[in-house]
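K.L.:
This is the structure I have questions about; it appears just below.
The values are calculated or read from the model by the stated rules, or taken from the named source; none is laboratory data. None of the values given here were measured: they were computed from a predicted structure. All Cβ positions, even for glycine, are placed from backbone atoms using ideal geometry, and neighbour counts span all protein chains on display. Side chains are part of the model used for accessible areas, which takes the heavy atoms of the whole protein and leaves out ligands, DNA and RNA. Shrake-Rupley method; radii C 1.70, N 1.55, O 1.52, S 1.80 Å.
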Amino acid sequence: MNKIERNMAIMKKFELMINTNDKALAQELVSEKASFFTPASPVPLYGGAGYLSVVDWMRQGFSDVQWHLEEMVAGEDKVAVRWTLTGTHDGEFLGVKPTGNKISVCVMNFYYFDENGQVVNDIAAEGMIGILRGIGAVK
């Protein structure tokens, strides 16, 4: 298996990891050196546990949140993924009380890999506006 095929296989496992909150997979797939940012934390979060804390933050507002990998383009050290994020706004999110609205939002992420095939960086295109529109916080 070449690096491109490896990276695509990793992203399939990554999808499983975020949708099941699998801590063992997070430790396998995400480098401990990787840092992630979220509006819920003023400081970066690190490693697989840090990444899953971002997922947990999303679940506070959308207990049934799921990411569906729609397509990806891979290189030897990075993968671009188009996700469809779905969920029901059944908890407070960014100060917005639950509306019961169902959301379906297109999200783009770029994942970067180290020489061991672990995710070391995740750069997200701005999908938050779609979420806020979905729950009625903005028009």
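K.L.:
Taking loop as defined by DSSP and a crowding limit of 12 other beta carbons within 10 Å, which trypsin sites (Lys or Arg not before Pro) in region 18-77 fit?
P.N.:
Those that pass, being in a loop and sparsely packed, are Lys33.
K.L.:
Further, regarding this structure: Mind telling me which of Val81, Val73, Val30 comes out most flexible in a GNM of the chain, alpha-carbon contacts under 10 Å?
P.N.:
Val73
K.L.:
Once phi is turned into θ = phi - 60°, what whole-Hz ³J(HN,Hα) does the Karplus curve with 6.51, -1.76 and 1.60 give for every residue of region 56-69, x standing for Gly and Pro?
P.N.:
Result, ordered by residue: 4, 4, 4, 5, 5, x, 9, 4, 9, 4, 9, 10, 10, 6 Hz.
K.L.:
GluC sites (Glu not before Pro) within region 44-139: which are DSSP loop residues with at most 13 other Cβ atoms inside 10 Å? Numbers along the way, then the final one.
P.N.:
Numbers: sites: Glu70, Glu71, Glu76, Glu92, Glu115, Glu126; in loops: Glu76, Glu92, Glu115, Glu126.
Answer in residue order: Glu76, Glu92, Glu115, Glu126.
K.L.:
Mind giving me the FRET efficiency for Lys78 and Ser104? R0 is 22 Å, r the Cβ-Cβ distance, nearest 0.05 is fine.
P.N.:
On the way: r = 26 Å, r/R0 = 1.19.
About 0.25, to the nearest 0.05.
K.L.:
Determine the share of the chain's accessible area contributed by carbon and sulfur atoms, expressed in whole percent, with a 1.4 angstrom probe. Don't skip to the answer; put the middle values down first.
P.N.:
Working: 4050 of 7340 Å².
Whole-percent figure for carbon plus sulfur exposure: 55.
K.L.:
Which shape class applies to region 7-63: rounded if a/c is under 1.5, otherwise prolate when a/b exceeds b/c and oblate if not, where a ≥ b ≥ c are the square roots of the Cα gyration tensor eigenvalues? List each step's numbers first, then the result.
P.N.:
Details: a/c = 2.17, a/b = 1.26, b/c = 1.72.
Because a/c hits 1.5 or more and a/b fails to exceed b/c, region 7-63 counts as oblate.
K.L.:
While we're on this one: Normalised by the residues of the chain, what does the relative contact order come to in percent, with Cα pairs under 8 Å and at least six apart? Don't skip to the answer; put the middle values down first.
P.N.:
Details: 273 pairs, mean separation 29.1, N = 139.
Reported as a whole number, the value is 21 percent.
K.L.:
To continue, here is another question. Taking H as built 1.01 Å from N, whose amide H comes closer than 5 Å to the amide H of Ala34, not counting residues under 5 places away?
P.N.:
Here the answer is Gly47, since their amide H atoms fall under 5 Å of that of Ala34.
K.L.:
Convert each backbone phi in region 15-28 into a coupling constant with the Karplus relation 6.51 cos²θ - 1.76 cosθ + 1.60 (shift: θ = phi - 60°), then list the ³J(HN,Hα) values in order as whole Hz, x for Gly and Pro.
P.N.:
4, 4, 4, 6, 7, 10, 6, 7, 5, 5, 5, 4, 5, 6
K.L.:
Per DSSP helix of 4 or more residues, -39500 (n - 2.57); summed, then divided by the residues of the chain. What does that give at 222 nm, rounded to the nearest 500? Show your work: numbers first, answer last.
P.N.:
Numbers: 4 runs with 47 residues, N = 139.
After summing the helix terms and dividing by residue count, I get -10500 deg cm²/dmol.
K.L.:
Separate question: With θ set to phi - 60° and the Karplus curve 6.51 cos²θ - 1.76 cosθ + 1.60, what are the ³J(HN,Hα) couplings of region 130-136 in order, to the nearest whole Hz, using x for Gly and Pro?
P.N.:
x, 5, 5, 5, x, 9, x
K.L.:
Here is a further query. Skipping prolines and chain starts, which residues have an amide H placed within reach, meaning under 5 Å, of the one on Asn121, given they are 5 or more residues away or on another chain?
P.N.:
Tyr112
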